[in-house]
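Structure, as structure tokens:
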Amino acid sequence: MTVKELKDIAAKNADLIKVRQIVREQAEKLAVNTGYRKQVLVCGGTGCTSSHSLQVIEQLEKSFKELGIDDVLIVKTGCFGLCALGPIMIVYPEGAFYSQMTPEHAKTVAEKHLVKGGSIVKELLYEGTVHEDGSVIPFAEIPFYKHQLRIALRNCGVIAAESIEEAIAAGDYSALAKVLFEMSPDEVISELKAAGLRGRGGAGFPTGLKWQFTREAKGDIKYVCCNADEGDPGAFMDRSVLEGDPHCVLEAMAIAGYTVGAQEGYIYVRAEYPIAVERLNIAIEQARKYGLLGKNILGSGFDFDVHVRLGAGAFVCGEETALMASIEGHRGEPRPRPPFSAQCGVFRKPTVLNNVETWANVAPIILKGSEWFSEIGTEKSKGTKVFALGGKIHNVGLVEVPMGTTLKTIVYDIGGGIPGGKAFKAAQTGGPSGGCIPAKYIDIEMDFDNLVKIGSMMGSGGLIVMDEDTCMVDIAKFYLEFTADESCGKCTPCRIGTKRLLETLDKICEGKGEPEDLEKIREIAEHMKSSSLCALGQSAPNPILSTMEHFGDEYKAHIYEKKCPAGVCKSLLNYYIEPDKCRGCTLCARNCPANAISGVVKSVHDIDTSKCIKCGQCIAHCKFNAIVKK
Amino acid sequence: MSQNLFEGTAEQMSALMVCINAHRNEKGALMPVLQEAQNIYGYLPAEVQTVIAEELGVSLAEVYGVATFYSQFTLTPKGKHKISICLGTACYVKGSDKILEAVEHELRISCGNCTPDKKFSIDSCRCVGACGLAPVMIIDGEVYGRLSPADVKGILDKYIQD
């Protein structure tokens, strides 16, 4: 393929994509050019397919056949971001936002909206897009999207996830063409440095500098690696990029290959992401077929190809030296640095490694320039960050906002606040390496440095919201269980430190905590931070230290009063039936596995706390909220 | 290693050899070979590890070291229906530990084990990325979301009856 052929494909499919990106009136005019009266975009990301979006597509195809509809295009896309409302379906040119679709709903929409002369089925739209006066707004104008700025996720939910033609039409590979024919490797590096792009995987290392070190390293063979081992539980932005726009990662890796002098790349991806792996493999095949990977790319003389390696469920493999050991087929254990991977990486060759979201930022910087990019964000954190919003929040999903956006904007304006009228207690960022941001810092401007200042970190961008029902000691214990389980065991501070910390937290949660435990935790944490081999051990104490700092009262309540204020830690609670609420329906007694509940029909029941195993079955079954933990 | 009696078929062995031959000259071939071997056999019995070690020219200790390092490799067979409960953070704060307890209670085995009739095995996993549906449970690839402990019995019944 030549650059001209690349541009032809882009031009040919451009209107198809534009219909999905511009305002309704213009889109309606433009749609005429595409040959399709309407386009139906259905999310084919992991979240929506888990709630059966593929069946929605099947039903649409079936209905189209029955109704003789042949001028409406069905597009299976990547993630739209608003996973809480899945399966999501958008109809263009109107931008009509159908949420929580079922095959039956799809049938209705096909019959009433997608047929010639049809109109939007308002009852099935996401309620946030229908005004009281009955007018409908396009999905891009709802608060969830209005506050976002999508750079890394620019094509997710816009293009067909398995179509290289649509990816090219949306701009993929044009940055590669520009780099190969118009820029020197040094110019690429200065552009990235001027843009101020920092690694999105957690540490925030300047990407341009990383590439420069690898470029300057001596060696004939060099490698480019992509870290798609997104291990932070609750973070799924890398997966969404791979599912929605895999070509942008391949393109950026090829750009890096040209820049540092590498001809081969590896993508290390979690095996838990079957859809991402499949789309990645499809994308690689397509790119090879089109001559965008392989020998003599775009006739430039530059060769580059990419291999996929699957992880096998080891969190530590997100650490760069462990990841490289795993690519080589060994146990994924980290090693001391130096030597750094820029000099001695995969197969002991100079290697540049970036995570998926970082790769996704490369092409826009090349195309739009460092000046454009560096105007977004804060002084030291440029561009945007994708957060995976989860936990006790309405709009669970992926959001991409300029660096420096306040936590308040993310939680309330974009996230829609906390369900059930509960109070915001904390937001956890940085996963098992990060910490909790308490309510008093809700106005914090989220960027790399501010988060570190208050004892948390950006990490890969998991943002789990917790309400008043969450026990912070229990959350710290949850993370320590994770790191103790995932510690590879190679270095002593991490192997033994995580274990001892977990034992101490277990003790506190069981009501056996002693005042000196807090001091012990601090001491172990200090040792782990200063002497662990890799970031896993160095940062494993963060969840405890940050909760101890911001929620010290809860630790004290567990230790001195033997109470769990949030009502979570089982050993510190008993279950009771409130007599005025109990109707004597017997449902709790019949479902109690320990036969701990006594009482006859239509009379108040009672729980024998000595027999109760605190399994929560009674609460789950009670229809009158008559059972309390205290 | 494994206490289970190993019963491999000739078809499985030839599939394993095809996979080994495809990766034989590749750098870092051990992981992809183990992954495919587990797909073929459902687990990695000592006998299979020995074949892989001999064929790839690495020590059995190396193979065993890798097979036991990664949580996705298993040295014991799994149940006919594989149940996986997400204990990722988003699911955990929405009570997935209670879902796990309910499943354990219902099947009378603990997480990581297989029922005596080999019908079910329970494992926990860390985030499948369906956080919008939290808490989630996956049975044989089918995702069940927005669960409460009371939903568990009804879902398992479908599999018990089949």
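Values in this text are rule-based calculations from the coordinates and carry no lab data. Here the structure is a predicted model, which is why all the values come from computation and not from measurement. When we count neighbours, we look across all protein chains shown, and the Cβ atoms used for this are built from the backbone with ideal geometry, even at glycine.
Can you tell me the 0 to 90 degree angle between the C-alpha axis of helix B:30-41 and the longest principal axis of chain B, rounded to 10?
70
Hey, what number do you get for the protein assembly as shown at 222 nm if only DSSP H runs of n ≥ 4 count, each worth -39500 (n - 2.57), divided across all residues, to the nearest 500?
-12000 deg cm²/dmol
Once the Cα atoms of helix B:10-23 and of chain B are each reduced to a long axis, what angle between those two axes, in degrees from 0 to 90 to the nearest 10, is obtained?
70
Which far-off residues, 5 or more places away or on another chain, put their amide H under 5 Å from the one on A:Leu353, with H placed in the peptide plane?
A:Cys225
At a Förster radius of 41 Å, what calculated FRET efficiency corresponds to the Cβ-Cβ distance of A:Lys7 and A:Ile221, to the nearest 0.05?
0.80
Taking H placed 1.01 Å from N in the peptide plane, check which residues at least 5 places from A:Gln39 or on another chain put their amide H under 5 Å from its amide H.
A:Leu73, A:Tyr92
Once phi is turned into ³J(HN,Hα) by the Karplus curve 6.51 cos²θ - 1.76 cosθ + 1.60 with θ = phi - 60°, what whole-Hz value does each residue of region A:407-420 show in order, with x for glycine and proline?
4, 4, 4, 5, 6, 9, 6, 8, x, x, x, 9, x, x
Other chains' Cβ within 10 Å of B:130-140 residues: what's the mean?
6
Order of A:454-466, A:420-432 by packing, highest average Cβ count within 10 Å first?
A:454-466, A:420-432
For a quick protection proxy, order the peptides A:122-134, A:229-241 by their average other-Cβ count within 10 Å, most packed first.
In decreasing order of mean packing, A:122-134, A:229-241 become A:229-241, A:122-134.
Taking C-beta distances below 4.7 angstrom as the pairing criterion, name the unpartnered cysteines of chain B, in sequence order.
So far as the 4.7 Å Cβ criterion goes, B:Cys19, B:Cys111, B:Cys114, B:Cys125, B:Cys127, B:Cys131 stand without a partner in chain B.
Average partner chain C-beta neighbours within 10 Å, per residue of A:483-493?
Neighbouring Cβ atoms belonging to other protein chains average 1 per residue here.
Radius of gyration and Dmax for chain B's Cα atoms, expressed in Å?
Expressed in Å, the Cα Rg and Dmax of chain B come to 17.8, 52.
How big is Rg to Rh over region A:457-547, alpha-carbon atoms, Rh as the Kirkwood inverse-mean-distance radius?
Expressed as Rg/Rh, it is 0.96.
What percentage of all Cα-Cα pairs in region A:208-355 are separated by more than 20 Å?
Roughly 46 percent, rounded to a whole number.
Scan around A:Thr405 for amide H atoms under 5 Å from its own, H built in the peptide plane at 1.01 Å from N, and keep only partners 5 or more places away or cross-chain.
A:Met446
Let me know the mean shielding of A:389-400 by other chains, meaning the per-residue number of their Cβ atoms within 10 Å of its Cβ.
3
Convert each backbone phi in region A:118-128 into a coupling constant with the Karplus relation 6.51 cos²θ - 1.76 cosθ + 1.60 (shift: θ = phi - 60°), then list the ³J(HN,Hα) values in order as whole Hz, x for Gly and Pro.
Result, ordered by residue: x, 9, 3, 8, 4, 5, 9, 6, 4, 4, x Hz.
Assuming 1.567 mPa s and 4 °C, estimate D for the protein assembly as shown with Stokes-Einstein, Rh taken as the Kirkwood radius over Cα pairs, in µm²/s.
So the translational diffusion coefficient is about 47 µm²/s.
Could you tell me the relative contact order of chain B? Use alpha-carbon pairs under 8 Å, at least six residues apart, and round to a whole percent.
Relative contact order for chain B comes out at 19 percent.
So if we plug the beta-carbon distance of A:Asn33 and A:Lys122 into 1/(1 + (r/R0)^6) with R0 = 25 Å, what FRET efficiency do we get, rounded to 0.05?
FRET efficiency, A:Asn33 to A:Lys122: 0.30.
Using the beta-carbon distance between A:Val604 and B:Asp157 and R0 = 35 Å, what value does 1/(1 + (r/R0)^6) give for FRET efficiency, to the nearest 0.05?
Taking R0 as 35 Å, the efficiency between A:Val604 and B:Asp157 is 0.65.
Can you compute log10 of I(q)/I(0) for region A:78-204 with the Debye formula, treating each Cα as one identical point scatterer, at q = 0.11, 0.16, 0.17, 0.22 Å⁻¹?
So the normalised log intensities are -0.57, -0.93, -1.00, -1.38.
In nm, give the distance between the simple-model label positions of B:Thr115 and A:Ala271, each being 7 Å from the Cα along the Cα-to-Cβ direction.
2.5
Treat each spin label as a single point 7 Å out from the Cα along the C-beta direction, and report the B:Val18 to A:Ser530 distance in nm.
Between B:Val18 and A:Ser530, the label points sit 5.8 nm apart.
Along the Cα-to-C-beta direction of A:Val628, a point sits 7 Å from the Cα; which residues of region A:460-479 have their amide N less than 20 Å from that point?
Under cut-off, by backbone N: A:468-471.
Ranked highest first by the average count of other Cβ atoms within 10 Å around their residues, in what order do A:268-274, A:8-14 fall?
The most tightly packed comes first, giving A:268-274, A:8-14.
Name the residue from A:Leu353, B:Ser124, A:Asn591 whose Cα lies farthest towards the positive end of the charge dipole of the protein assembly as shown, charges +1 on Cβ of Lys and Arg and -1 on Cβ of Asp and Glu.
Going by the Cα projections, it comes out as A:Asn591.
For a distance above 19 Å, tell me the whole-number percent of Cα pairs in region A:24-125 that qualify.
In whole percent, the share of Cα-Cα pairs in region A:24-125 beyond 19 Å is 36.
Measure of size requested: the Rg and Dmax of region B:10-69, with Cα atoms as the atom set and Å as the unit; please supply both.
10.2, 28
Using only alpha carbon pairs under 8 Å that are at least six residues apart, calculate the relative contact order of chain A and give it in whole percent.
The value is 11 percent.
To the nearest 20 debye, what charge dipole does the protein assembly as shown have about its Cα centre, counting +1 at the Cβ of each Lys and Arg and -1 at the Cβ of each Asp and Glu?
I would put it at about 720 debye.
Using only the Cα atoms, work out Rg/Rh for region A:268-343, with Rh taken as the Kirkwood radius, to two decimals.
My calculation of the ratio gives 1.08.
Counting Lys and Arg as +1 and Asp and Glu as -1, what is the net charge of the other residues whose Cβ lies under 14 Å from the Cβ of A:Glu468?
Net charge around A:Glu468: -1.
Is any residue of region A:353-386 close enough, with backbone N under 19 Å, to a label point placed 7 angstrom from the Cα of A:Gln26 along the Cα-Cβ axis, and if so, which?
A:368, by backbone N distance to the label point.
Report the antiparallel proportion of the DSSP beta bridges in the protein assembly as shown as a percent, rounded to a multiple of 5.
In the protein assembly as shown, approximately 55 percent of DSSP beta bridges are antiparallel ones.
For region A:493-522, list residues with backbone N below 20 Å from a point placed 7 Å from the Cα of A:Asn574 toward its Cβ?
In region A:493-522, the label zone of A:Asn574 (backbone N under 20 Å from the point 7 Å along Cα→Cβ) covers A:509-513.
Tell me, what HN-Hα J-couplings in whole Hz come from the Karplus equation 6.51 cos²θ - 1.76 cosθ + 1.60 at θ = phi - 60° for each residue of region B:121-126, using x for Gly and Pro?
10, 10, 9, 9, 9, 10
Region B:81-160: D in µm²/s via Stokes-Einstein (Kirkwood Rh, Cα pairs, 10 °C, 1.306 mPa s)?
Once the numbers are plugged in, D ends up at 131 µm²/s.
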